[in-house]
1. For segment 1-156, place one equal point scatterer on every Cα, skip the solvent, and apply the Debye formula. What is log10 of I(q)/I(0) at q = 0.13, 0.16, 0.17 Å⁻¹?
2. Let's test the formula: R0 of 25 Å, r as the Cβ-Cβ distance of L251 and H228. What FRET efficiency results, to the nearest 0.05?
3. How high is the relative contact order of the chain, given as a whole-number percent (alpha carbon pairs under 8 Å, six or more residues apart)?
4. Expressed in whole Å with the largest first, what are the equivalent ellipsoid semi-axes of segment 6-61 derived from the C-alpha gyration tensor as the square root of 5 times each eigenvalue?
5. Using Cα centres only, tell me the gap between segment 140-196 and segment 208-255 in whole Å.
6. If you count, for each residue, the other Cβ atoms within 10 Å and average over each peptide, how do 198-205, 53-60 line up from highest to lowest?
7. F175's amide H: which non-local residues (gap 5+, or another chain) put their own amide H closer than 5 Å, with H modeled 1.01 Å from N in plane and none for Pro or chain starts?
8. Please arrange D176, D232 by how many other C-beta atoms lie within 10 Å of their C-beta, fewest to most.
Amino acid sequence: MNQAAQCTVRVRGLAKAFGTNQVLRNVNLEVARGEVVVIMGPSGSGKTTFIRSLNLLELPDRGSIEICGVELAEPAALPPRERRRKTLQIRQQTAMVFQSFNLFPHMTALQNVIEGLVSVKGVAREEARRRGLALLGKVGLAEKADAYPGKLSGGQKQRVAIARALAMEPEVILFDEPTSALDPELRDDVLNVMRELAKEGMTMLVVTHETRFARDVADRIVFMEGGHVLEDTTPEHFFGAQASERCRQFLGRLH
Ligand code: ADP
């Protein structure tokens, strides 16, 4: 297989400012199929903006994004129709899991999981139900299919959100601090589901401060600061004695 076919995500020269705040300066990253890349860095370093840019929830000012062969170069400069077309193609390959779950409160867990299958993918309701129940089973929530989000714990809500992401059969899942809104005792259930996905070979980009997850599960750690990738390295190196002074200082403050 050639390099291009293996490379699932390729980002070049990504830059983004909010007004005068230059949040991303020149971010470059390649992620191969099946890799788990954890993105760490201090608050305000641009991690969330970066991961949201990958599926165009933020529109980068400059740079290019390629996901599974769909390339979106200089999206801000494209005619709006062309940009929308490419954005939809990229969103068909990616799913996003948010810190705040973003479930529809007026829909049951199962309805949340299958909504996109029915309305975006056009899957028949019975088939969508069957797949949705299987996915809720996979995240350990088969018995909560008919529960509304208001009756679920944060950890359960996030697992429903992961099942919803999986329902769309994405090539890549983007996680934006998926456990940081959860009480510590609820985090492991979510992290264990993510561990399973990683084992199954899902390509994952994960913004998180969960050092144990990063150490155990990540293939690579990307350390961002000031809108740059400062380090792109293995967990062994990142968490080891050879890590840069800056990374050790950052990790020291996390504990
Ligand atoms: P991190 O995830 O590393 O904490 P963010 O990407 O959330 O960093 O934020 C980086 C900077 O961008 C912060 O200064 C933040 O205030 C700013 N920012 C993020 N989103 C917006 C927005 N929608 N409008 C204006 N400023 C934003």
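1. So the normalised log intensities work out to -0.78, -1.05, -1.11.
2. Values: r = 18 Å, r/R0 = 0.73.
Once the sixth-power term is evaluated, E becomes 0.85.
3. Working: 466 pairs, mean separation 64.2, N = 255.
Reported relative contact order: 25 percent.
4. Working: eigenvalues 87, 32, 17 Å².
Ellipsoid half-lengths, sorted descending, are 21, 13, 9 Å.
5. 24 Å
6. Details: 198-205: 17.6, 53-60: 19.6.
The most tightly packed comes first, giving 53-60, 198-205.
7. Residues meeting the amide H criterion: V97, L205, V206, V207.
8. On the way: D176 21, D232 16.
The fewest-first ordering by Cβ neighbours comes to D232, D176.
Where a number appears in this text, it was derived from the coordinates with a stated rule and is not lab data. Predicted model, so just to flag it, every value in this text is computed and none were measured. Heads up, the Cβs are rebuilt from the backbone with ideal geometry, glycines too, and the neighbour counts pull from every protein chain shown.
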